[in-house]
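What follows is one structure encoded as structure tokens, with my remarks underneath.
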Amino acid sequence: MHVATPPAKLHAARTEQIILFRVSGQLFAVSSASVQEVRSVDSLSGAATEINQPSLRKVRHVLRRGDKALYVINAAVHFGLPASPAGLVFVLRKTRTALLVDGMDKMATMTRLQSLPLAYCHEERNWYRGLTALDQNVIPVVNPEGFLTAEEFALLDASLPPLETTEETPSGSTELPQ
């Protein structure tokens, strides 16, 4: 008796749109769905307030949006890379953070997200969702919620000056579709 083997299931690859960006010459990726806006650094000059929290060198500015505070993370400091001039800010969706980056390379489609190797064994395990391969390069895919811990948010919130007036969001931003 011959038993027919079932046909192999064809799974459509789960794809995800990503934004490739650079920090100090290093290439990173972030899900485009997690980026609410892309702004020029210049557009923040009047909107960002300087804050001083010596234990968190990666955060030097805060953006007020109504009663909400968005903390601006210097990606070079966060990732332990040499200082570089930031040109863009990614306002991240579903977080209270914005990310200073050197520039955006391009949009791409990610078809596979690999788990982090065990060499990523400290705080950086929270920084990344995993790794992807694109154009013969292995690229870390950042976790948009991994830039600040709950304790760091509490420390930053406690250091904020009281809210004086609500300012309108300045122009110069590009809203990304959800």
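Bear in mind that the values in this text are calculations on the coordinates, not laboratory data. Since we're looking at a predicted model, the values are computed, not measured. Using ideal geometry, Cβ is built from the backbone for each residue, glycine included, and neighbour counts are taken over all protein chains shown.
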Loop-located GluC sites (Glu not before Pro) in region 99-164 whose Cβ has at most 11 other Cβ within 10 Å (DSSP)
Glu123, Glu164
Sort 129-141, 70-82, 109-121 by packing, meaning the average of other beta carbons within 10 Å per residue, with the highest value first.
70-82, 129-141, 109-121
For region 11-76, run through the GluC sites (Glu not before Pro) and keep only the ones in DSSP coil with at most 10 other Cβ atoms within 10 Å of their Cβ.
none
About its Cα centre, region 34-131 carries a charge dipole, from +1 on Lys and Arg Cβ atoms and -1 on Asp and Glu Cβ atoms, whose size in debye to the nearest 20 is 340 debye
Mean separation of Cα contacts under 8 Å, 6 or more apart, over the residue count of region 1-134: relative contact order %:
27 percent
